Structure formats: C-alpha cells, structure tokens
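Data first, discussion second: the structure below is written as structure tokens.
The values are calculated or read from the model by the stated rules, or taken from the named source; none is laboratory data. These figures come from a predicted structure and were not determined experimentally. Glycine gets a Cβ as well: all are built from the backbone with ideal geometry, and neighbour counts include every protein chain shown. We work out accessible area using only protein heavy atoms, side chains counted, and drop any ligands, DNA or RNA first. Shrake-Rupley method; radii C 1.70, N 1.55, O 1.52, S 1.80 Å.
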Amino acid sequence: MTEKKLYAVSRAIFSVLGEKEMYCDICLVSEKEMVRLEKFFFPDKKREPNVLAFPIPKDFPAPSYRGWNMVGEIYLNRDRYGKEFSHLVFLLIHGILHLLGYRHERKRDMMIMEDMERSVMEKIKKRLPTLCV
C-alpha cells in the first residue's frame, strides 16, 4: 500500500512543480541495500543515505507511460522512515527535486532546495491531507 500512496504523491509533486507529464520509479529499500547502493555508485562518500536519485540522461531512450516522460529512479530508505509516511513524502520531494536538476553542494543551492522542499510539502499536505499523515 505504501508504494501506491507514494506514486499518488509523486504525481501531485510533479504537478505542484509544473511538470505534469513526468514520472519516476520509486523503490523502497532496506538500510542495508541503501548502504550497498551508496558504496557502489558513490564510493568516495561516507554517509548513510536516506534517499538516492538517479536521473535518466537526456539522450537516453527512456520509456513513456500514458504520454508521461520518465525522469529517473528514486530509492528511499524504508527502515529509517517507514513508520512516518510524511517523512517518506519529504524524502520523495527531495529525490524528485534532484531528478529535476536541483543540487545542494553550495550553500545558496542548499537554501533554494530547502525552500522548494518546504513549499512543495505545504502544497502537498493541502492537496492530499490524508496521504501525508
């Protein structure tokens, strides 16, 4: 049931961001799997990830579904935030912003991204109040 709720929320997130014809794959994985993925794709980073986002390269022949364009994959750590759905929603927002090109390496970029996350979360709570509990 959680996956279906996350897909419904992802559609709302893309809509709030003005990207109604986009979608992404969402994978809920264990802490152990997140650490394995982090080590494989980002061997220099030493952290325990909550979310990993992998955008599809611009020239990659990505699948289309109902006329929507796939923009990438998001992996969420279900062990760390599995009990509070609103935490998963926030991580999903964070991942979708990464898929759309937002970054947080520099302080200014981090502030922009954090503002976007808060703004989108507020709008999602208003649109889907029962899903964000």
Query - Hits in segment 99-126 - residues which are assigned to a loop (DSSP other than H, G, I, E, B) and surrounded by 11 or more Cβ atoms within 10 Å (Cβ to Cβ) - result: Leu100, Tyr102, Arg103, His104
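Yes/no matrix, rows are residues, columns are (1) at pLDDT 90 or above; (2) under 21 Å from His104 (Cβ atoms):
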| site | (1), (2) |
| --- | --- |
| Lys5 | no, no |
| Ser10 | yes, yes |
| Glu21 | no, no |
| Cys24 | yes, yes |
| Pro43 | no, yes |
| Pro55 | yes, yes |
| Pro61 | no, no |
| Ser64 | no, no |
Report task. Can you run down the residue pairs with Cβ atoms below 9 Å, 6 or more apart or on separate chains, where the first is in segment 28-43 and in a loop (DSSP other than H, G, I, E, B) and the partner is not polar (S, T, N, Q)? Result -> Ser30/Arg78; Ser30/Asp79; Phe42/Pro49; Phe42/Leu52
Report task. Could you tell me whether Tyr81 is among the hydroxyl-bearing types (Ser, Thr, Tyr), open to solvent by 70 Å² or more (accessible area, probe 1.4 Å) and within 21 Å of Thr130 (Cα to Cα)? Result -> no
Report task. Could you pull out the residue among Leu100, Leu17 that is out of contact with any Pro (no Cβ under 9 Å at 6 or more places or on another chain) and in contact (Cβ under 8 Å) with a residue 24 or more places away in the chain? Result -> Leu17
